[in-house]
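Below is one structure, written out as structure tokens, with a few remarks after it.
The values are calculated or read from the model by the stated rules, or taken from the named source; none is laboratory data. Keep in mind that this is a model prediction, so the values were computed, not measured. Using ideal geometry, Cβ is built from the backbone for each residue, glycine included, and neighbour counts are taken over all protein chains shown.
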Amino acid sequence: MPGAKRGEARRFKGRITVIPGATNDREVIKRAVAGCDGVLTVLVPWGVQQYSTRTAQAVLDYADPGARLVFSCGWHITRDGRDVYSLKLRAFVKVFGWLARLTRFADLDDQVEACRRIFASDTRWTVVRGSDLEEGESEGVPVWSRHVGDPLLTSNRTRRVDFALFMVEALTNDELVHEAPAIVSCKTPSALTHAAGSRRS
């Protein structure tokens with residue numbers, strides 16, 4: 001880690017508690033979310049042991065009543081079946097999903113089940129569905145749509161740092177409670193075209 005990064009980390013000394021352990025370990029999750037007003041959770045479908053599902057269920061079970069719960073996953077998750085996926089994305093999910101499960105590397109169906117449980121819960125959840133990610137400086141808070149297939153999302157690109165920024169912003173945005181926003185960078189061609197069209201109308 002570069003020296004500057006270490007210096008930045010020192011600013012948070014005494015303000016961050018690190019709890020070691022697997023993120024699908026219910027006791028680890030129970031300790032981690034205790035007393036938290038907001039919880040950010042990345043749903044990772046590693047292996048074939050229901051990693052995402054167990055992580056999500058533990059957060060749902062142990063988060064304080066009324067806490068804001070923000071989860072992240074990919075565009076392939078659908079809440080209401082009204083998303084429209086490109087042939088390329090459908091083929092990737094099918095082929096990668098099959099190969100990943102065959103090699104026991106990952107299980108995309110695990111993410112699907114995790115999100116099904118989240119959508120069915122009465123907690124104050126948001127599921128942020130990310131486009132393809134890239135490195136680079138922040139371009140600002142991403143824009144979003146309720147459904148994949150919206151022309152707004154055509155560029156299918158978000159800076160990794162901005163994915164995190166959107167999740168943090170979601171903690172205090174009550175308009176996103178019980179939403180599954182599909183996001184894209186606000187500076188992509190599709191987002192800029194959409195913004196220009198909105199101004200003209």
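A few notes on this one:
- Pairs are defined by a Cβ separation below 8 Å, a sequence spacing of at least 6 or placement on different chains, a first member in segment 114-127 that is surrounded by fewer than 24 Cβ atoms within 10 Å (Cβ to Cβ), and a second member that is of a type in the set (S, T, N, Q); the pairs so defined are R117/T53; R117/Q57.
- Being crowded, with 17+ Cβ neighbours inside 10 Å, under 30 Å from S155 (Cα atoms) and β-branched (V, I, T) is a description that does not apply to T55.
- For T17: the one exception among (1) surrounded by fewer than 13 Cβ atoms within 10 Å (Cβ to Cβ); (2) in a helix (DSSP H, G or I): (2)
- Among (1) touching a residue at least 60 places away in the same chain (Cβ under 8 Å); (2) farther than 22 Å from Y85 by Cα - the single one F163 does not satisfy: (2)
- In segment 186-201, residue modelled with the lowest pLDDT [restricted to those that are surrounded by fewer than 21 Cβ atoms within 10 Å (Cβ to Cβ) and not in a helix (DSSP H, G or I)]: S201
- Residue in segment 61-69 that is part of a helix (DSSP H, G or I) and free of Cβ contacts under 8 Å to residues at least 60 places away in the same chain present: yes
- Test result for Y51, more than 22 Å from D162 (Cβ to Cβ), over 16 Å from the mean Cα position of the chain (by Cα) and among the aromatic types (F, W, Y): no
- So Q57, is it at pLDDT 95 or above and touching a helix residue (DSSP H, G or I) at 6+ places or on another chain (Cβ under 9 Å): yes
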